[in-house]
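The values are calculated or read from the model by the stated rules, or taken from the named source; none is laboratory data. Keep in mind the model is a prediction, meaning the values are calculated, not measured. A quick note on method: Cβ atoms are made from the backbone with ideal geometry, for glycine too, and the neighbour counts reach across all protein chains shown. The area values use the complete protein model at the heavy-atom level, side chains included, leaving out ligands, DNA and RNA. Shrake-Rupley method; radii C 1.70, N 1.55, O 1.52, S 1.80 Å.
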Amino acid sequence: MVFFENMGLFNLTWEMLVMWIVGFLLIYFAVAKNYEPLLLLPIGFGVLLANLPMTGLMMVDEGLIWRVYQLGIKWEVFPPLIFLGLGALTDFGPLLSQPKLIFLGAAAQVGVYITFFTAFEIGFDMQEAATIAIIGGADGPTTIFLAAHLAPHMIGACAVAAYSYMALVPIIQPPIMKLLTSETERKIRMTKGRKVTALEKVCFPVVAALVIILIVPASAPLISMFMLGNLFRESKVVDRLSDTAQNSLMNIVTIFLGLSVGATMSADTFLKKDVIFIFCLGLFAFMISTASGILMAKGMNLALKNKINPLIGAAGVSAVPMAARVVQKVGAEADKKNYLLMFAMGPNIAGVIGTVIAAGIFLTMLK
Amino acid sequence: MATNVEAPLAGNIWEVLVKVGDSVEEDDELVIIEALKMENPVYAPADGTVKEIKVAKGDVVEEDDILIILE
């Protein structure tokens, strides 16, 4: 009799079964639709594990996944390690070639701040509002990093929202891009930037790390690792480290990041009406960020002799390189010989830095 | 008169769609360059015949590298 009482089967609740559906949906989107599979697949499986009764996997001080979560996310190890790999994957050339494009990445953070105030007005506290707002930056590790500090109970919902919207960039952004630009604007061909030297590329991560961290010290965990990874890449003398950071290490961390984020999504934390607001506000933030990047480009065009194609402003959200690819696709629909891809990488990378700085500002003000 | 077809962006040659001696028309696709996991077609700037192909599948090219010479 004791054996039967301790079987998970007889301790299932309907709420757990609803979460199974959420888990299966995430796995389905990852496998069948190829939506951010590297993250959504382990997150989906983590959701299933978190909603199996009596496993003890997330039991405080004892559970296997609880330990991974505690070490990796609560102690803020995983997001910086992901940023180390992202840095090793990033070419700052397009940004250094045309530094003015950094304004587009900065403008795209407007959605983050508008959503912060909107969420606060709706009734979330400031920490929760900041965590929801950062979804607009479309940067998964930064969202997880900020949520772990300010609103750990929302980490699962915010991470899933961020990764879902990143996967849906090709669906969400084009209508906004077309609505805010004319056919003529979409046909604007960008003028080539100057050639960037190898020395500039080596110096940039060091100088950028020092400057950004001196201004916003709370951004140090992410920015320092991002720039260190980039220094590995650009120095050309530690190819082994660069390769490990952007491949093996990032893959290992991704497995445990996804699994432990998914495992935070138990029925009692996820099945709340707040989660619906999180998804709606996250989408709102993302849309405003897209629009503000485009509008900034149009504003800059009023003063620039060589006009910017305003589509590249949409890449100021930091879904790298998905947002840049969407810019190329929408631009090519207007003029198939217009190659905007590499130009869009400038604001795209600036968007990553901008979102980390926004998260650092929230941490400084609210923690 | 020879016309150079240059790489509009840096990337890897994904596919070369023409052979030496082929006649092409303006806007025909000549080469596909893969960059950031996106396939980008490179189009013929004018009518002509393929005189020389300077790249092969898998080659890494920089922006403005000559890919094909038309005449």
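Here are a few things to note about the model shown:
- The residues on offer are A:Thr269, A:Thr244, A:Thr191, A:Thr264, and the sole one that is buried (at least 19 other Cβ atoms within 10 Å of the Cβ) and out of contact with any Ser or Thr (no Cβ under 9 Å at 6 or more places or on another chain) is A:Thr264.
- Looking across the range A:174-203, the residues that are hydrophobic (A, V, I, L, M, F, W, C), in contact (Cβ under 8 Å) with a residue 24 or more places away in the chain and closer than 22 Å to A:Ala108 by Cα come down to A:Ile176, A:Met177, A:Leu180, A:Ile188, A:Met190.
- Subset of the range A:335-354 [facing chain B (nearest Cβ under 9 Å), of a type in the set (A, V, I, L, M) and open to solvent by 10 Å² or more (accessible area, probe 1.4 Å)]: A:Met342, A:Met345
- Subset of the range A:275-321 [assigned to a helix (DSSP H, G or I), more than 14 Å from A:Gly351 (Cα to Cα) and not hydrophobic (A, V, I, L, M, F, W, C)]: A:Gly282, A:Lys298, A:Gly299, A:Asn301, A:Pro310
- Count - residues of the range A:129-150 that are more than 26 Å from A:Tyr35 (Cβ to Cβ) and either in contact with a Cys (Cβ under 7 Å, 6 or more places away or on another chain) or open to solvent by 10 Å² or more (accessible area, probe 1.4 Å) (or both): 2
- Residues (within 14 Å of A:Ala350 (Cα to Cα) and touching an Asp or Glu at 6+ places or on another chain (Cβ under 9 Å)) located in the range A:205-221: A:Pro205
- Candidate set from the range B:1-21 (those that are of a type outside the set (Gly, Ala, Ser), part of a loop (DSSP other than H, G, I, E, B) and open to solvent by less than 30 Å² (accessible area, probe 1.4 Å)); member that is farthest from the other protein chains (Cβ to nearest Cβ): B:Val18
- Unique residue being more than 14 Å from chain B (Cβ to nearest Cβ) and either in contact (Cβ under 8 Å) with a residue 60 or more places away in the chain or over 17 Å from the mean Cα position of the chain (by Cα) (or both) when the list is A:Ala358, A:Ala323, A:Ala332: A:Ala358
- Those strands (runs of 3 or more DSSP E) of the range B:22-71 in which 1 or more residues are away from chain A (no Cβ under 14 Å) occupy B:48-53, B:66-70.
- Within the range A:241-277, the set of residues being closer than 19 Å to A:Thr13 by Cβ and hydroxyl-bearing (Ser, Thr, Tyr) comprises A:Thr264, A:Ser266, A:Thr269.
- A:Thr244 being out of contact with any helix residue (DSSP H, G or I) (no Cβ under 8 Å at 6 or more places or on another chain) and either under 29 Å from A:Lys74 (Cα atoms) or not polar (S, T, N, Q) (or both): yes
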